[in-house]
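Please treat every number below as a calculation from the coordinates, not as lab data. Nothing here was measured: the structure is a model prediction, and the numbers come from that model. Every residue, glycine among them, receives a Cβ derived from its backbone with ideal geometry; neighbour counts consider all protein chains shown.
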Amino acid sequence: MNFNSIIGHDFIKKQIENAINNQRFLHANIILGEDGIGKSVIAKEIGLKILNKQTYKKYIDLIEYKGSKKKIGIDEVRSLIEKVYKKPFQGNNKVIIIYNAHNMTQEAQNAFLKTIEEPPLGVYIILLCENLNNLLETIVSRCEIYRLHKLNKNEIRSFIEVNYPELIEKKHNLDNLIAFSDGIPGRIDKILKDEDFNILRNNIMDILLELNNNDKEKVLSFGNLIIEKIKFWEDIMEIFLYYIRDVLVYKETGSNEFIINLDKFINIKHLAEVFSYNKLNNIVNIIKDTNIKINKNVNTKLLIDSMLINMQEV
């Protein structure tokens, strides 16, 4: 693997490669972008270049810390700091990649600050981050920031051609996939490989279609389904919001040109006809409010039932 094999992000790749080649790559870095945008692919390629390796596999001096998607606490960071200060086993360099760095608690970030400020010679720290606002300014100010942006349609098409050539051979219609990706390669992987994700998409569309009816019992029956999948809450919330986004776009434009969930276009068109702007915006607010409360460990069953009834009644 090399930077040329990574599709998209050309400016950032060139910037990083030049920095490494000219020994100007900083010891503390943040790669910023949405989930699935390609942060870890670029970070691993950086690691290979710094360690002078040609192919990606497990290297003892390339440490990938895949922290929790919920919280990275001070004990985890202290354990990581110990690894930072151990000498490289081969050569003079070591690369530490921290996934979900935005989930480090403030206490954990404060504990990590000195390591970010003055890492041992030859140690390169790469924080993979989705939300810069979750990081302390003292951390951010000491890092070089590389912002990854969504791929354009041609780049997404190339990603599919390279990673899923069988779809090209079968003359698969790629338009729906490209639209669904919304410029994020990881969304292609998810819809093609994750059966649970596709079931969730169908279930959530069923919920939205049912909201316009007055059958509260039927709507509440979906609550158990969501509870069963609550560990995928971030996916559930994202699917809801992407559907609502599409309905709003269609109401505004009357066109499917900017629809992300093209495979659900008939349902989206129907929802646009039966839901008012006010109801759609209220549903978005209810979902976001539910997300805040779920992260505060409020009674989940009560919370989901309340969300569904409120969505039906607004």
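What are the residues whose amide H is under 5 Å from the amide H of Tyr124, where those residues sit 5 or more places off or on another chain and H is modelled from the backbone?
Answer set, sorted by chain and number: Lys94, Val95, Ile96.
Take the residue pairs Lys53/Lys193; Lys66/Lys94; Lys218/Lys296 and return only those whose Cα atoms are more than 19 Å apart. Don't skip to the end; give the middle numbers.
Working: Lys53/Lys193 30 Å; Lys66/Lys94 17 Å; Lys218/Lys296 28 Å.
Lys53/Lys193; Lys218/Lys296, as the Cα separations exceed 19 Å there.
Arrange the peptides 246-259, 91-104 so that the one whose residues have, on average, the most other Cβ atoms within 10 Å appears first.
Values: 246-259: 15.9, 91-104: 20.9.
Answer by packing, highest mean first, reads 91-104, 246-259.
Quote the relative contact order of region 194-313 in percent (integer), defining contacts as alpha-carbon pairs under 8 Å separated by 6+ residues. Intermediate values should be presented prior to the final figure.
On the way: 86 pairs, mean separation 41.6, N = 120.
Relative contact order, region 194-313: 35 percent.
Would you mind checking the tilt of helix 153-163 against the longest principal axis of the Cα atoms of the chain, expressed as 0 to 90 degrees and rounded to 10?
So the inclination is approximately 70 degrees.
What residues from region 101-118 fall in the zone where the backbone N is under 19 Å from a label point 7 Å along the Cα-to-C-beta line of Val140?
101-114, 116-117
In 10 Å bins starting at zero, report the fraction of Cα pairs in region 65-204 per bin as a rounded %.
The distribution over region 65-204 is 10, 30, 24, 23, 12, 1, given as percents.
Dimensions of region 3-147 along principal axes (Cα, Å, largest first)?
The Cα atoms of region 3-147 stretch 38, 33, 25 Å along their principal axes.
Which aspartates and glutamates have a Cα less than 18 Å from the Cα of Lys14, not counting those fewer than 8 places away in the same chain?
Reachable aspartates and glutamates: Glu45, Glu144, Glu155.
Given the convex hull over the Cα atoms of region 194-313, what projected area results after averaging over all orientations, in nm²?
Values: hull surface 28.0 nm².
If you wrap the Cα atoms of region 194-313 in a convex hull and average its projections, you get 7.0 nm².
Compute for region 52-113: radius of gyration divided by Kirkwood radius, i.e. Rg/Rh, restricted to C-alpha atoms, rounded to two decimals.
Radius of gyration over Kirkwood radius for region 52-113 works out to 1.01.
Kindly state, as a whole number, the per residue volume in cubic angstrom of the convex hull around the alpha carbon atoms of region 84-159. Could you put the intermediate results ahead of the total?
Values: hull volume 9.6 nm³, N = 76.
Each residue corresponds to 127 Å³ of Cα convex hull volume.
If R₀ is 22 angstrom, what is the calculated FRET efficiency for the pair Asp215 and Asn278, using the beta carbon separation as r and rounding to 0.05? Before the final figure, lay out each step's value.
Values: r = 22 Å, r/R0 = 0.99.
Plugging the Cβ-Cβ distance into 1/(1 + (r/R0)^6) gives 0.50.
For an R0 of 41 angstrom, estimate the FRET efficiency from the Cβ-Cβ distance between Lys58 and Asn285 and round to the nearest 0.05. Spell out each step's value before the answer.
Values: r = 45 Å, r/R0 = 1.10.
Efficiency, rounded to the nearest 0.05: 0.35.
Which entries of Lys86/Lys293; Lys49/Lys231; Lys44/Lys153; Lys49/Lys150 have Cα-Cα distances beyond 32 Å here?
Details: Lys86/Lys293 41 Å; Lys49/Lys231 36 Å; Lys44/Lys153 25 Å; Lys49/Lys150 24 Å.
Exceeds cut-off: Lys86/Lys293; Lys49/Lys231.
Among 279-287, 174-182, how do they line up from the highest to the lowest mean number of other beta-carbon atoms within 10 Å? Could the numbers behind the result be given before it?
Values: 279-287: 17.4, 174-182: 19.3.
Most protected by this proxy first, the peptides run 174-182, 279-287.
Identify all aspartates and glutamates with a Cα-Cα distance to Lys170 below 16 Å; exclude those on the same chain that are fewer than 8 residues away in sequence.
Glu161
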